[in-house]
Amino acid sequence: MKTPLLALALALVCTASTARGQGAAVIIKQRAKEAAGRPVTPLPTPGAAQPATGAPAPQTAAAPNVSKILADLAIIKSRPQATQEQKDKLALDLGAVALGANKPSAESMQALANALGDAIAGKKITAADQATLARDLATALNAAVGSPQLAAAIQGVKDALTLASVNEAAIQSVASALTGLTTKAK
């Protein structure tokens, strides 16, 4: 009685393992067919120079200043109210991010820093949202008036402030300050 049961169990195990092996073979064949349809791109060699892209990225020159804006935002958000000294430093760092000949005036930068400082003081902003806010501010300061980049950057600033639970009036104040300095400067 035990022998037929053992033989049956052995037959089931062998059948299952064969079916499993066939399934793996089918998957391997399918992936090989998919890979055959894709073009092969060679991996870059470590010593090879990368080809230059068409337009240089303006953010590389502003990258150190964006880190200063991040530091300013971190200090301001950690306190219940932004001091005038913190707002002045933020205005200076925002002004340093603006590239090109048509930089916004110091007064319009100060208005933006005041609105932004008042909006984010004491708010809980995640590091990712803070980085997005700084990047969008830099983009807005360097975008052409009426461009899709400017509209997207201002919307990004609004979204980051909304995520930080900033009230609508403060968000509109920051957006107005951003729009005002770009229309005066460019």
**Report entry** Exposure proxy order (Cβ contacts within 10 Å, fewest to most) of SER165, SER108
**Finding:** SER165, SER108
Report task. Count charges around GLN86 for me, please; just the other residues with Cβ under 12 Å from its Cβ, Lys/Arg as +1, Asp/Glu as -1. Result -> -1
**Report entry** Test item: Cα-centred dipole of region 62-185, Lys/Arg +1 and Asp/Glu -1 on Cβ, debye
**Finding:** 120
Report summary line: Ranked from fewest to most other Cβ atoms within 10 Å of their own Cβ, ASP72, ASP118 fall in the order ASP118, ASP72
Report summary line: Fewest to most Cβ atoms within 10 Å: LYS158, LYS29 sort as LYS29, LYS158
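The numbers here are math on the coordinates, done by the rules we state, and not lab data. Since the model is a prediction, treat every value here as computed from it, not as a measurement. Because the Cβ atoms are built from the backbone with ideal geometry, glycine has one as well, and the counts that use them run over all protein chains shown.
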